[in-house]
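The values are calculated or read from the model by the stated rules, or taken from the named source; none is laboratory data. Please read these numbers as outputs of a predicted model, since none were measured by experiment. Cβ atoms come from the backbone with ideal geometry, glycine included; neighbour counts cover every protein chain shown.
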Amino acid sequence: MDVVLLVLVALAGVIIAAFSCFIPGLHIYNLIAIIVLLHLSGAVYIDPEIMCFLFIGMIVGYSFFNVITSVFMSAPDESLMFFIFPAQRYFLEGRGFEASMLIGVGSLVAVMFLAASVPFLPILLPRIWELTRPLLGWLILLVIVFILLTEWPRGLERSESRWERFKEAWSSPLAGFLTFALAGFFGIILFFKPPIPPERGFVAITPAFIGIFALPWAITNVLSKFPKVEQHITDSINVKVHEIIRGGGAGFLAGMFGAFFPAITAGVAGFLAGHATAQKGDRLFIISQGASRAIYYMGAFLLFFLPTMHITRGALAWMTGLVFTPERVEYYYLAAFTMLLCAGVSFLLLTPITKLAIKLVHRYGIRTLSIFSIISCIAIVLVLTSWEGLLIMAVGAVIGMIPLLFNCRRSNTLAVILVPLGLNIIGLGPTIAELLGLFG
Amino acid sequence: MKGIVHFTVGATIATFFKDVMHNIVTAASPAAGLPLIIGGVYGFLPDFVDFRFAKYMMRYDYVIDPDPENPDPKEIAETIAKAIDEAYEKKKSIFMQLHTIPITSNLWRRYTVKFDTENKKVIVTIGPIVTTGKIPYEGTEPPNNVAEASFKADVIHTYEEETKIDILSGPSFEFRPEEDRVKIIFLPFHRRWSHSFPAAFLMALPMLLFNVNWFWIAFLAYVFHIILDMLGYMGSNLFWPFTKSRVRGLRLGHSDNAMLNFSSMWVCVALTLWNVNEALTEKVFSASFITYISYTTVLPLLIIGLASLVVYLRERREKETPEEAEVKEALSEDLGPYT
Amino acid sequence: MMNAANDKKIFKEAYCPSCGRFIGPREKCPFCGAEIKERIRLKYIKVLALVLAIVGVFGIFLFSKMIPVPTVKIADIDASYNYAPIRVKGYVIEYPDYNEESESITFWIMDETGEIMVKAYRDAARELIKQGKIPGVMDYIDCIFEARITRGFKYLIIEVPDYLTIYKPEPEQLTITQIIENNITMKKAIVEGVITSVRSYSSGYGIWITDGEYELEIWVPISQLSFFSNHTDILDRVAPGMKVIVKGGLKLYRGSPEIVPDSLLDIQIIEE
């Protein structure tokens, strides 16, 4: 274990993540999947330990830098769905730089909370796991039910007739429920019998994720008239210290909740945290969502190194688990401190990266960047999977368009992962797969 | 309280039933955890019924739908004044809906309504164009944008603050004659019959078809929602159909208070974990309930609470009237984008 | 705050492009009847999206159903197969073990390219026991599994017991002498012998039999008591001096052959 080398490799990972954020729609997991694939196929050999720490740097960097893509290029992954709307508003008001900084500050504060919790996690988490394991599947179903119940009617409610008003108001929630049902069914198919070659089994859900969460935004950007708004670069942000701590703290809890429990993604965790802490206002919302997102990615990967539990959460952890096993306690603490270092470096790089993003958007326009995003998504899916993956991506994209067109909540598309995982955990998954005749 | 708190309280209530927890920890059946879902749903149900159904079943005597191109503040003010007087003269409740003014799919014209109870006037101001994020466009207020109209009746429990009508759907009012005066009730459909104990019983009744435990879980989850709401300002009509008006809340705190909501969630999680531990044959921890609650709940919340108090004292809110608090509470329960 | 006076483009969609009158969010001008061409007819796109989504999902569903689960050799399974549904065929080389606490069944299979562990958990394990689908040593199985690779270790999971097919090869009548002298293993056999000793261990029972020249151990794994709980009386009845006939799979244990019966019913007492 050459500590200096590993830390340097992690910092290199941060730089890679910084470049990748300029490819809208490219999730860092896709890049990592390609690296793992190259290693497994024997095309490129990378020392597993070095690969692991490279991934640490990449995931930390991604948690900070991807907000640039979402604020300025509107190509978020699913964890950004809940806060792209306020952040987009900031962008349209010429305050995109400030939004980026708010998200970065939230992430940084949350990382500090994570660092403070490092000594306690090996003691607390095994106990929490033993207590929550019987409830796991039901927890996911509770989240699903809550998401559905909180779908709210939208409409101008102009009709005189009560029945017409009711119909008008309920049209968008019903579209939301339909989206949920379609995405859930889609998820069940992909979970049990993905129509892609088995040697790509470890990225079976990736085309669906890219289709559902990345493409609709890009497509909408290409079709819409996105106004050119001058972005103001500021050297201070309009926020109070207690708001940062409150938002960062709420985001930390949400992120750890999402990191620890399967199927609960950063977007869902952040959404729940926002409700649980009765957050008001765009600012607090943006900070906490940035925090929850960062901790979701970093926390999930940190759990991979947890010495008292063999826990694999999130795609990065199980992709890394294919090639590397952290067998020593030292890895846990080294990983934690490396994350802390990478987080600090990422935040420092956030300012120049954001300025560069503003320049790019100003020069090329969002439509061009979105077209580039669509092309890059197609290329990634083709490389990672096959033409069947493109089919899955296309269907995912159409499902992802429904919330945008019907003005219902985008969170309903999370059913693609919530439903099959929830069913599987409570033991109904194989039964459903058999009933559907998926295995012939 | 926020919807998630009611939902979580309802699910937590289910964990107090030993049979339910035993079935869950032993995975006795695929439906073992269904009572948790029932608890959550029934905990959320009262507000769900109000804002998803009751809201759309209201019949209005007056509907204000200003012309987007040329909104007339005088017409709006006069209609409101007329409605107040009609309630007073005819001694019957008058219901009014105020619509928003959409300009495009993302832009709205704001207007405000203020009840000046001292001078018996309604003041309507046509404001600027705003985005869906409520950011106004400077300089877009129309000329002659303020008007007022007088009403004859004495009005009680009015709001010092202006009511802003801007995005999505607008508010509704009930002008109810009470003795010699007219009372203005904001969101008249909310917390009427839905937030009553008889309604809790009726709503939970169908669960008896399945299981007695499910009935009790549903009933208690619903009742706890009502009790928690009574800690706030708006209150509820607790004994519908035997009573007609809302009973005022205990005013112990705002329903959108972050500390209250967060503490409630924390307590629910702690209690749930305690109940799981009790149900397990091999306990994860062995401590008395007092010790457990002290370390997991009281101590952490005390620390967070003290920190919040420090912040609050440094940034004290402007004093608001109970009526303003009622309005804020009602608005916070109607879920909208990112509220 | 934004200054709308200098940027009418933002409000452009609120005005009819033909007559210039204010039309708000309408798609057709009520004054001049002009279709608002600059606006995408959202209504049609919405319907198209819904139709495409429903058709697409059901198309993927039918496509997934149609394509067969690929048959894969054990050596080909690597980390990239994680979570993939695959069909694997092979011989059982270790009798299924049962963990009561986790309610899981574990056994090993091999094909011409290698060996791999197979597991079934909880509901699947219960169903396998209920259906009596417990493969014996040297039974040939054909099953659809979910491949799993965790921390570098690969194994297969039986999710749906209905897709496990067990083929029991015809056993060959062999003597103990033939087995020992020729070191016969990896075969299904029927063997007769006289019991010389019965020993119990934490992991099972060893019943030693002889044909007068050599001894062979009948190994009864402890898991068989869980799988065939209604037939455990045979273990109480067997004693030295009895003549028994056993049907099972021959495998190597510490360099020597032993026979593992498929079930407790496969040990029959011929002479007491």
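Would you mind listing the helices (runs of 4 or more DSSP H) fully within the range A:384-440 where at least 1 residues are without any contact (Cβ under 8 Å) to a residue 24 or more places away in the chain and more than 9 Å from every other protein chain (Cβ to nearest Cβ)?
A:387-406, A:429-435
The single condition among (1) under 33 Å from the mean Cα position of the chain (by Cα); (2) not in a helix (DSSP H, G or I) that B:Met265 does not satisfy is (2). Counting only helices (runs of 4 or more DSSP H) that sit completely within the range C:167-272, those holding 1 or more residues that are closer than 29 Å to C:Ile129 by Cβ and not assigned by TED's automatic domain parsing to the domain that holds C:Met110 correspond to C:223-227, C:233-237. Only helices (runs of 4 or more DSSP H) whose full extent lies in the range A:145-233 are considered here, and the ones with at least 2 residues that are modelled with pLDDT of 90 or more, on the phi < 0 side of the Ramachandran plot and surrounded by 18 or more Cβ atoms within 10 Å (Cβ to Cβ) are A:162-192, A:206-209.
Within the range B:15-59, track down each residue that is among the small types (Gly, Ala, Ser) and within 21 Å of the chain's Cα centre (by Cα).
Here is the first cut: in the range B:15-59, the residues among the small types (Gly, Ala, Ser) are B:27-29, B:31-33, B:39-40, B:43, B:54.
Result: B:Gly39, B:Gly40, B:Gly43, B:Ala54.
With respect to B:Tyr60, is the statement that it is more than 7 Å from chain A (Cβ to nearest Cβ) and farther than 17 Å from B:Trp266 by Cα true? It would help to see each step written out before you state the result.
Working: more than 7 Å from chain A (Cβ to nearest Cβ): yes; farther than 17 Å from B:Trp266 by Cα: yes.
When the stated conditions are applied, B:Tyr60 passes them.
Just to be sure, is C:Ile157 within 11 Å of chain A (Cβ to nearest Cβ) and closer than 22 Å to C:Glu100 by Cβ? Taking the combined requirement at face value, the residue satisfies it. Among the residues making up the range A:224-252, those that are free of Cβ contacts under 8 Å to residues at least 24 places away in the same chain, within 14 Å of chain B (Cβ to nearest Cβ) and out of contact with any helix residue (DSSP H, G or I) (no Cβ under 6 Å at 6 or more places or on another chain) are A:Ser224, A:Lys225, A:Lys240, A:Val241. For the range B:20-40, taking the residues that are touching a residue at least 60 places away in the same chain (Cβ under 8 Å) and within 7 Å of chain A (Cβ to nearest Cβ), the one that is nearest to B:Ala204 (Cα to Cα) is identified as B:Gly40.
Consider B:Tyr111 carefully, then state whether it is in contact (Cβ under 8 Å) with a residue 40 or more places away in the chain, more than 30 Å from B:Leu202 (Cα to Cα), assigned to a helix (DSSP H, G or I) and away from chain C (no Cβ under 14 Å).
Taking the combined requirement at face value, the residue does not satisfy it.
Taking the numbered list (1) crowded, with 20+ Cβ neighbours inside 10 Å; (2) away from chain C (no Cβ under 13 Å); (3) closer than 17 Å to B:Asp65 by Cα; (4) at pLDDT 85 or above in turn, B:Ile129 passes all entries but (2).
When B:Ser286, B:Ser236, B:Ser255 are checked against the criterion of being assigned by TED's automatic domain parsing to the domain that holds B:Ala199 and exposed (fewer than 14 other Cβ atoms within 10 Å of the Cβ), a single residue qualifies: B:Ser286.
The residue of the range B:67-79 that is nearest to B:Thr125 (Cα to Cα), among those that are crowded, with 21+ Cβ neighbours inside 10 Å and out of contact with any Asp or Glu (no Cβ under 7 Å at 6 or more places or on another chain), is B:Pro73.
I'd like the full set of residues that are farther than 20 Å from A:Met393 by Cβ and within 7 Å of another protein chain (Cβ to nearest Cβ), limited to the range C:46-64. Of everything in the range C:46-64, just one residue is farther than 20 Å from A:Met393 by Cβ and within 7 Å of another protein chain (Cβ to nearest Cβ), namely C:Lys46. Restricting the range A:94-138 to residues that are within 14 Å of another protein chain (Cβ to nearest Cβ) and not in a helix (DSSP H, G or I) leaves a set whose member that is modelled with the highest pLDDT is A:Phe120. Here B:Ile167 passes the criteria (1) closer than 24 Å to B:Val63 by Cβ; (2) surrounded by 20 or more Cβ atoms within 10 Å (Cβ to Cβ); (3) modelled with pLDDT of 90 or more except the one numbered (3). When A:Tyr332 is tested against (1) outside any helix (DSSP H, G or I); (2) touching a Pro at 6+ places or on another chain (Cβ under 6 Å), just one condition goes unmet, and that condition is (1). Within the range C:135-192, the set of residues being among the charged types (D, E, K, R) and more than 30 Å from A:Thr325 (Cα to Cα) comprises C:Asp139, C:Asp142, C:Asp162, C:Lys168, C:Glu170, C:Glu172, C:Glu181, C:Lys187, C:Lys188, C:Glu192.
With the range B:115-232 as the region, which strands (runs of 3 or more DSSP E) entirely inside it contain at least 2 residues that are under 26 Å from the mean Cα position of the chain (by Cα) and under 26 Å from B:Thr79 (Cβ atoms)? Please lay out each step first, then the result.
Details: elements: B:121-131, B:146-150, B:154-156, B:163-165, B:172-178, B:181-186.
By residue number, B:121-131, B:154-156, B:163-165, B:172-178, B:181-186.
Within the range A:284-302, none of the residues are in a helix (DSSP H, G or I) and within 14 Å of chain C (Cβ to nearest Cβ). Considering (1) at the interface with chain A (Cβ under 7 Å from one of its Cβ atoms); (2) without any contact (Cβ under 8 Å) to a residue 60 or more places away in the chain, the lone condition that C:Asp76 does not fulfil carries the number (1).
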